[in-house]
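Have a look at the structure below, then the notes.
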Amino acid sequence: MERELTSDRQWNPWRLSVAPMMDWTDRHCRHFHRLLSRHTRLYTEMVTTGALLHGDVPRHLDFGPEEHPVALQLGGSEPEDLAACAKLGERWGYDEINLNCGCPSERVQRGAFGACLMAEPDLVADGVKAMRDAVGIPVTVKHRIGIDRTESYGFVRDFIGTVAAAGCEVFIVHARNAWLKGLSPKENRELPPLRHEWVYRLKCDFPALTIVLNGGVKTHDEIATHLAQVDGVMLGREAYHHPWLMTDWDVRFFGDAPLERDRADIEAAMVRYMELQRLQGEPWSRVSRHMLGLWNGTSGARRWRQVWSDHRLKNEPPEMVSALARRRPTMGEVAAAA
């Protein structure tokens, strides 16, 4: 297979990454994704500054050493709070602090952060500067190309210019507007039109910055096409629902050796991990839900997902559930399913 890389970008830390996704990219999901790719950058779910300053810090920040490189995404707008939480993230061992300026949900808007921060670039710049002054790891921003239904390239260009002046060097650009009213978060990931060409243009206008494209990317060919124009590509739902896609990334986009594991090996590794979690009091179903796409596209994948999703098996050991999921169904089971 031809390797889609150039020598000057081979080890760019943001070359490929999996997007921060609420309720999805927790530490169990990241453990699974790391089994599929050694070099892809992983992100936490968004963690609010309030949750860290007033809540259970270990529950929000704990992660396994195998997850590196891994970034902490923060949600917040007060520079002092962001700086304090960035310090916590660095102390916990994260490789990057990322500020969420792209989430359009009404709950996030009520907290005065997320995509609505794009309307206040000076405040974002203040937050970035406060975090950069507080930590020695990269501080990055993830944002949209605009807010609401007014589309203006100048808006996102000026936003980046203002925030870059505060020292931010890496921008992850979701190539859609965020409509703050009238759409659900799911609709906001699908309905506003994609403008990949705007992200290309941002790289031309800010050649010294690292520009990462996010939004609507599904195939290896699309990744390669975008990498010819920008510094990195971030995938979200496609990586989650079709995770086996990631197993080619180390070879094709990082020039590393191929993954010497098949799907059964990955499942076995996850079963061992689930058993360790179960012994620590964590229900294994909180882990298994993240790997339900592992066998997608193969014969028997639907039944395999059904077994792992069967709540009646939740008290059984993961090894037994795995064996049941992989077993060929009897004729009676096939008839019952029909």
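Things worth noting here:
- For region 313-335, the criterion of being surrounded by 12 or more Cβ atoms within 10 Å (Cβ to Cβ), at pLDDT below 95 and in a helix (DSSP H, G or I) is met by at least one residue.
- Test: residue in region 182-189 that is touching a helix residue (DSSP H, G or I) at 6+ places or on another chain (Cβ under 7 Å) and open to solvent by 50 Å² or more (accessible area, probe 1.4 Å): no
- At least 2 residues being within 14 Å of Gly102 (Cβ to Cβ) is the threshold, and among the helices (runs of 4 or more DSSP H) wholly inside region 164-235 those reaching it are 185-188.
- Considering (1) open to solvent by 10 Å² or more (accessible area, probe 1.4 Å); (2) of a type outside the set (S, T, N, Q); (3) part of a strand (DSSP E or B), the lone condition that Cys103 does not fulfil carries the number (3).
- Taking the criterion of being in contact with a Ser or Thr (Cβ under 7 Å, 6 or more places away or on another chain) and crowded, with 20+ Cβ neighbours inside 10 Å, the residues of region 119-135 that qualify are Pro121, Ala125, Gly127.
- Residues that are of a type in the set (Gly, Ala, Ser) and more than 30 Å from Phe171 (Cβ to Cβ) were ranked within region 239-283; the one that is surrounded by the fewest Cβ atoms within 10 Å (Cβ to Cβ) is Gly281.
- Among the candidates Gly215, Gly293, Gly232, Gly236, residue that is of a type in the set (Gly, Ala, Ser) and surrounded by fewer than 20 Cβ atoms within 10 Å (Cβ to Cβ): Gly293
- Considered as a group, the residues in region 142-163 that are in a loop (DSSP other than H, G, I, E, B) and of a type in the set (D, E, K, R) include one that is surrounded by the most Cβ atoms within 10 Å (Cβ to Cβ), and that residue is Asp148.
- The residues of region 283-317 that are touching a residue at least 24 places away in the same chain (Cβ under 8 Å), of a type outside the set (A, V, I, L, M, F, W, C) and closer than 14 Å to His31 by Cβ, listed by number, are Arg286, Ser288, His290.
- Screening the candidates Ser299, Ser288 for the property of being of a type in the set (Gly, Ala, Ser) and in a loop (DSSP other than H, G, I, E, B) yields one hit, Ser299.
- Among the candidates Gly93, Gly75, the residue that is modelled with pLDDT of 95 or more and at positive phi is uniquely Gly93.
The values are calculated or read from the model by the stated rules, or taken from the named source; none is laboratory data. The model shown is predicted, which means the values in this text are computed figures rather than measured ones. For neighbour counting, all protein chains shown are included, and Cβ atoms are generated from backbone atoms with ideal geometry for every residue, glycine included. Quick note on the areas: whole protein, heavy atoms, side chains included, nothing else; ligands and nucleic acids left out. Shrake-Rupley method; radii C 1.70, N 1.55, O 1.52, S 1.80 Å.
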